[in-house]
1. Accessible area per residue for the stretch 34-121 in Å², computed with a 1.4 Å probe and the full protein assembly in place, what is it?
2. Kirkwood Rh and Cα-based Rg: tell me the resulting Rg over Rh for the stretch 376-449, rounded to two decimals.
3. In debye, nearest 20: dipole of the stretch 45-152 around its Cα centre with unit charges on the Cβ of K, R (+) and D, E (-)?
4. Would you rank 471, 119 by solvent-accessible area, highest first, keeping every protein chain in place and using a 1.4 Å probe?
5. With a 1.4 Å probe and all protein chains left in place, how much of the accessible area of the stretch 475-603 comes from carbon and sulfur atoms, in whole percent?
6. List nothing, just return the count: lysine pairs in the stretch 427-545, 8 or more apart or interchain, with Cα separation under 25 Å.
7. Helix by helix through the chain, keep the DSSP H runs that span 27 Å or more along the axis on Cα and average at least 0.5 on Kyte-Doolittle, and give those back in order.
8. How large are Rg and Dmax for the stretch 500-645 when only the alpha carbon atoms are used, in Å?
Amino acid sequence: MSAPTENRSTVTEREARQVAEAARERDWHKPSFAKELFLGRFRLDLVHPHPMPAEESVRRGEEFLAKLRAFCEAEIDSARIEREARIPDEVVAGLKELGALGMKIDPKYGGLGLSQLYYNKALALVGSVSPAVGALLSAHQSIGVPQPLKMFGTEEQKEAFLPRCARTDISAFLLTEPDVGSDPARLATTAVPDGDEYVLDGVKLWTTNGVVADLLVVMARVPKSEGHKGGITAFVVEAGSEGITVEHRNAFMGLRGIENGVTRFHRVRVPAGHRIGPEGAGLKIALTTLNTGRLSLPAMCAGAGKWCLKIAREWSAEREQWGKPLALHEAVGAKISFIAATTFALEAVLDLSSQMADEDRNDIRIEAALAKLYGSEMAWRMADELVQIRGGRGYETAESLKARGERAVPAEQMLRDLRINRIFEGSTEIMHLLIAREAVDAHLSVAGDLIDPAKSLPEKAKAGAQAGVFYAKWLPKLVAGPGQLPGSYGEFRHGVDLSTHLRYIERTSRRLARATFYGMSRWQGQMETKQGFLGRIVDIGAELFAMSAACVRAERLRTRDEHGREAYQLADAFCRQARVRVEELFGRLWTNTDDLDRKVVKGVLGGAYTWLEEGIVDPSQDGPWIADATPGPSAHENARRPYGG
């Protein structure tokens with residue numbers, strides 16, 4: 001019944017890009033603060049005054065957070081989860097009873113109907129006590145069955161599955177395969193139509209929640225045939241279906257309690273009514289789901305920053321070196337200042353993006369991606385600095401510290417647990433490319449045909465005319481703006497002057513747009529291969545977005561008399577630190593070792609430097625780099641372990 005496996009090696013780079021481009025949401029029906037920022041237009045009006053949640057949303061959210069906090073403090077033993085590498089069944093049962101599985105699900109389907117803002121606050125809270133529990137809830141709701149059904153499911157599907165997801169069933173999202181990561185054009189799992197059903201065959205890797213899941217969202221390729229458009233398609237699949245085998249539970253550097261595995265499908269029959277959306281829409285559904293789903297990771301990163309700050313403050317005040325508290329030594333103080341200012345900014349980015357998602361007035365696909373990128377990178381740096389501040393105690397496990405009579409601070413665990421966020425749901429490198437593609441969308445929409453080698457001369461001529469009109473209007477606007485006027489953004493002067501940072505953002509936004517244009521002009525069709533340049537462009541935009549969010553949040557807290565003075569101080573510190581990073585990134589746009597690095601890489605791959613590897617013993621064992629994923633029956637015992645089962 002299964003279709004023959006495609007020869008995935010025949011997929012060209014151009015074909016792979018076409019698949020990804022076809023799945024991308026191209027239209028911009030609503031304004032986007034971040035998109036405008038990359039185009040040199042600082043639209044402060046899109047984020048200031050800071051959007052605010054409705055009172056009823058706040059009431060319900062705070063009520064749930066209070067219950068969740070009490071549960072976390074009384075029932076979740078983070079040390080036990082780390083020690084046993086399992087989330088106890090009774091913890092999951094308690095979360096189900098609280099309604100935590102249905103935080104984002106509409107009450108009419110049995111969920112709590114929390115806003116994105118309070119859903120993220122809940123994840124930050126849970127993730128602070130146990131990142132593994134946070135990952136369980138996030139994978140279930142942000143990318144598992146609830147979110148794609150909410151956006152693309154039929155009413156029948158919602159009524160059938162959402163009540164289960166809200167109270168009893170754990171869900172998982174299955175896209176990655178042993179030889180397929182961020183390149184979906186090579187997806188090998190097939191779903192062959194057979195009457196009113198599809199027959200699934202293939203292997204999925206890194207299935208977060210997959211070991212314990214009751215319901216799965218599976219991405220599979222439907223072969224094109226008569227009556228079937230074909231293409232990558234999304235399905236809701238019962239995890240206990242005949243032919244599904246969890247072949248292995250994976251173990252990782254961190255997140256020791258995560259239930260992540262390898263799942264094999266062998267002639268698994270799925271009703272056509274379980275297909276989400278039309279055939280061929282699977283990748284678009286996955287990417288659209290991630291637009292807001294990505295906010296779950298920066299939520300837990302913001303929570304991690306808060307914990308790092310708390311431990312850094314308490315430890316560096318207690319620990320004395322050379323006659324004074326550790327914090328008062330400048331080298332350590334700089335680290336604490338970085339942690340405090342960056343935590344403020346991460347929460348600002350998270351709250352702003354979340355509230356914009358709730359209001360649905362703006363298109364936040366770039367904002368959410370920037371939040372994920374920036375949050376995951378900065379949280380890792382904060383945890384690394386905390387380990388350094390703690391010294392040898394930072395490297396020592398909490399269990400060992402406790403055994404010898406000291407406070408069990410899991411700093412090294414936090415570092416390990418946070419590391420995956422730079423890879424989860426789009427690695428930093430992939431996020432750079434994804435955001436860069438959106439950031440240069442305006443250029444490609446008018447000049448794309450001009451630099452496309454596949455286009456004819458008449459098509460290029462037409463594109464040239466369009467580009468001429470666009471750039472004649474756009475380029476002059478990048479010369480001057482409010483950022484050059486000393487009195488601009490005066491409403492942000494209250495003791496501490498944040499207006500200087502907003503003027504900097506406005507000027508730098510135009511500078512960033514000019515740099516992008518210069519890059520387009522210089523490399524044209526080769527621009528997409530200049531990943532170092534594009535990555536730095538995106539990182540500059542991320543810093544500007546975070547600076548904007550920090551200033552806007554500080555002003556909101558000031559007007560509400562909520563630590564406004566201190567918020568202004570933190571926003572000022574963060575912006576000054578960010579400006580140093582931005583200037584360094586601009587310098588590296590044009591002065592870097594990118595070309596030399598490419599030559600060295602060719603030498604490495606060509607074996608020119610193998611002599612440099614001499615004098616060691618490689619401790620890794622024999623075996624293929626990528627496991628065989630040939631479709632067929634499983635030869636493994638099923639490792640599936642549903643909670644309470």
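1. 45 Å²
2. Numbers: Rg = 19.6 Å, Rh = 14.8 Å.
Taking Rg over the Kirkwood Rh, I get 1.32.
3. On the way: 12 positive and 14 negative charges, 44 e Å.
The dipole of the stretch 45-152 has a size of about 220 debye.
4. Values: 471 35, 119 0 Å².
If we order 471, 119 from most to least accessible, we get 471, 119.
5. Values: 3140 of 6040 Å².
C and S fraction of accessible area: 52 percent.
6. Taking the Cα cut-off of 25 Å, the pair count is 5.
7. Details: long enough: 55-75 (29 Å, -0.68); 296-318 (34 Å, 0.13); 330-359 (43 Å, 0.66); 365-390 (38 Å, -0.03); 499-523 (36 Å, -0.87); 531-559 (42 Å, 0.45); 564-590 (39 Å, -0.42).
Flagged H segments are 330-359.
8. 24.8, 65
The values are calculated or read from the model by the stated rules, or taken from the named source; none is laboratory data. These figures come from a predicted structure and were not determined experimentally. Every residue, glycine as well, gets a Cβ built from its backbone with ideal geometry; the counts of neighbours run over all protein chains shown. Accessible surface areas use protein heavy atoms only, side chains included; no ligands, DNA or RNA. Shrake-Rupley method; radii C 1.70, N 1.55, O 1.52, S 1.80 Å.
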